[in-house]
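Inspection log for the structure reproduced underneath, given as structure tokens.
The values are calculated or read from the model by the stated rules, or taken from the named source; none is laboratory data. Quick caveat, the model's predicted, so the values are computed rather than measured. We place every Cβ from the backbone using ideal geometry, glycine too, and count neighbours over all the protein chains shown. SASA here: full protein model, heavy atoms, side chains in, ligands and nucleic acids out. Shrake-Rupley method; radii C 1.70, N 1.55, O 1.52, S 1.80 Å.
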Amino acid sequence: MIHISNLIKKYGTNTVIDDFNLDLSNSFILGLIGRNGCGKTTLFRILLGLTQATSGSWAMLGEQNPENYRKKLGVLLDDVGFDPGMTGKGNLQVFASIADIDFKTTLELTEYFQISFALKKRVGIYSLGMKRRLGLAALFSNNKPLYILDEPSNGLDIDGQDLLWAKIKEKHAQGSQFIITSHILTDVENICTHIVAMDAGKKIFDGTIFQAQEHGSLNQIVRNKQS
């Protein structure tokens, strides 16, 4: 499902992704962890075709061209991109129209993520957590084989986090795979089946959650910097 070979990304003399390799073909919820600036978001942007790699190759869902596989992905980045001048419902209606999905499904998910009470309000007055709940309702309206989620719990309270992790487990049981970044390592440990840790653009750990736990805590893995 995912194959990355010798991926390098440089900005001038600064190497952000350094000879990164990854192979994932079986069922997985991958936790991509590491300090701020370790290269996680840049890696996502390359895979999504938003940033060009300096060298290397990759394939996702059997395709090498992001234009061919991007529509098969469910993606949640830090900026969901809602129009702040429109209501929550208006934004979701636009999304449903573009994505060609049943708006009833989206409305049901606003109930699930407990944001339906705010649908008549402009998104511009939403809190960060409310925007995230609205984004999650839009995200999971579509059934996708692979989801890429960058800090999906950002801004969510404990109830929102519980709803998010339960939905991910549900989708995974139905056959979807996930790549997730999060700095809340206890959450990563509780939900992920695989762990990849990065430092300074390099991969410093790649294995199952059980192999990661044999190394101690995920905190210890993240602190194990490349020399």
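Taking the average, over residues, of other Cβ atoms within 10 Å as the packing measure, peptides 25-31, 110-116, 213-219 rank 110-116, 25-31, 213-219 from highest down. Database remark: amide H of Leu73 closer than 5 angstrom to no amide H (H placed geometrically; neighbours at sequence offset of 5 or more, or on other chains; Pro and chain starts carry no H). Compared with the alpha-carbon gap, the fully stretched path from Gln174 to Ile101 is longer by 24.4 nm at 0.36 nm per residue.
Heavy-atom surface analysis with a 1.4 Å probe gives the chain a carbon and sulfur content of 47 percent of its accessible area.
Scalar couplings 3J(HN,Hα) for the range 92-100, obtained by applying the Karplus form with A = 6.51, B = -1.76, C = 1.60 to θ = phi - 60°, are 5, 5, 4, 4, 4, 5, 5, 7, 6 Hz; x denotes Gly and Pro.
Can you tell me how much longer the chain between Asn143 and Glu108 gets when fully stretched, taken as 0.36 nm per residue apart minus their C-alpha distance, in nm with one decimal? Intermediate results must be reported in sequence, preceding the final value.
Working: separation 35, 0.36 × 35 = 12.60 nm, distance 1.43 nm.
The Asn143-Glu108 span can extend by a further 11.2 nm.
Modelled spin labels at His3 and Ser127, positioned 7 Å past Cα toward Cβ, are 4.7 nm from each other. Using a 7 Å offset from the Cα along the Cα-to-Cβ direction at both Arg223 and Leu50, what is the distance between the two label points in nm, to one decimal? Modelled inter-label distance: 3.2 nm. What are the lysines whose alpha-carbon lies under 26 Å from the alpha-carbon of Lys104, with same-chain residues fewer than 8 places away excluded? Lys104 reaches Lys71, Lys72, Lys89, Lys120, Lys121, Lys131, Lys144, Lys167, Lys169, Lys171.
I'd like to compare 144-151, 130-137: which one has the highest average count of other Cβ atoms within 10 Å, and what's the full order after that? Write down the numbers at each step before the final one.
Values: 144-151: 19.2, 130-137: 24.4.
For the peptides 144-151, 130-137, the packing ranking is 130-137, 144-151.
Secondary-structure-derived ellipticity at 222 nm for the chain, considering helices only, amounts to -10000 deg cm²/dmol, per-run term -39500 (n - 2.57) for DSSP H runs with n ≥ 4.
Remark on Ile204: its backbone amide H falls under 5 Å from those of Ala197, Met198, Asp199, a criterion applied only to residues 5 or more positions apart or on other chains, H modelled at 1.01 Å from N.
Full extension of the segment from Arg70 to Thr208, taken as 0.36 nm per residue of separation minus the current Cα-Cα distance, would add 47.1 nm. For the chain, the solvent-accessible area of protein heavy atoms averages 49 Å² per residue (probe radius 1.4 Å; ligands and nucleic acids excluded). The phi torsions of the range 58-72, fed into the Karplus equation with coefficients 6.51, -1.76 and 1.60 and a -60° offset, translate into couplings of 7, 9, 9, 6, x, 10, 9, 8, x, 5, 8, 10, 4, 6, 8 Hz, rounded to whole numbers, with Gly and Pro shown as x.
Highest mean packing first, where packing is the average number of other Cβ atoms within 10 Å per residue, the peptides 202-210, 176-184 line up as 176-184, 202-210. Just checking my list (1) 30, 20, 17; (2) 51, 31, 21; (3) 34, 19, 14 against semi-axes √(5λ) of the Cα gyration tensor in Å computed from this structure; which label fits? Recomputing semi-axes √(5λ) of the Cα gyration tensor in Å here picks out (1).
Evaluating 6.51 cos²θ - 1.76 cosθ + 1.60 at θ = phi - 60° for every residue in the range 52-57, the Karplus couplings come out as 7, 6, 6, 7, x, 9 Hz, glycine and proline recorded as x.
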